[in-house]
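Right, one structure below, let's go through it.
Only the coordinates and a few stated rules stand behind these numbers; no lab work does. What you are looking at is a predicted structure, and each value in this text was computed from that prediction instead of being measured. Every residue, glycine as well, gets a Cβ built from its backbone with ideal geometry; the counts of neighbours run over all protein chains shown.
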Amino acid sequence: MALRRLRKDDTVMVIAGRERGKTGKVLRVLEDEGRVLIEHVNMVKRHQKPRSAQQQGGIVEKEAPIHLSNVVPLCGRCNKPTRVGHREIEGKMVRVCRRCDEILDHS
């Protein structure tokens, strides 16, 4: 797996667009499109047709993807938006906060 700036379950802040200033958890990273889905951010309404007798149709609200350049990760320690650095620790490459050198990887 290639090292990347954002990963699933990261906390991010939107820095541009209509949703500027909102924070949320990354639900999914769409690498091919260069976009991310963030929980409860950039909500859109979609009309959905019922697919079976049990499934109900209607207007469904769901998250729309946001471009990667419009979001920035939040550091867990300093709780501020930060750029991501990379460092090798114990033979493993990890992501680090450029403000306070806190490790951003949550594994």
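Rounded to the nearest 0.05, the FRET efficiency derived from the C-beta distance between residue 52 and residue 28 at R0 = 25 Å is 0.50.
Taking only the C-alpha atoms of the chain, the Rg (one decimal) and the largest Cα-Cα distance, Dmax (whole number), read 16.8, 55 Å. Taking the Cα centre of region 11-76 as origin and assigning +1 to Lys and Arg Cβ atoms and -1 to Asp and Glu Cβ atoms, the resulting dipole is close to 280 debye. Note on the chain: with a GNM built from Cα contacts shorter than 10 Å, the maximum mean-square fluctuation among 12, 29, 60 falls on 60. Out of 87, 95, 28, any idea which swings most in a Gaussian network model of the chain, alpha carbons joined below 10 Å? Comparing 87, 95, 28 in a Gaussian network model of the chain, the most mobile one is 87.
Under 5 Å between amide hydrogens, which residues at least 5 positions from residue 30 or on another chain qualify, with H placed 1.01 Å from N in the peptide plane? For residue 30, whose amide H was placed from the backbone, the distant partners under 5 Å are 35, 36, 37.
Which one of 21, 104, 6 has its Cα pushed farthest toward the positive end of the charge dipole of the chain, where Lys and Arg give +1 and Asp and Glu give -1 at the Cβ? Positive-most Cα among the choices belongs to 21. Extension gain, residue 102-residue 44: 0.36 nm per intervening residue step, less the Cα-Cα distance, totals 17.4 nm.
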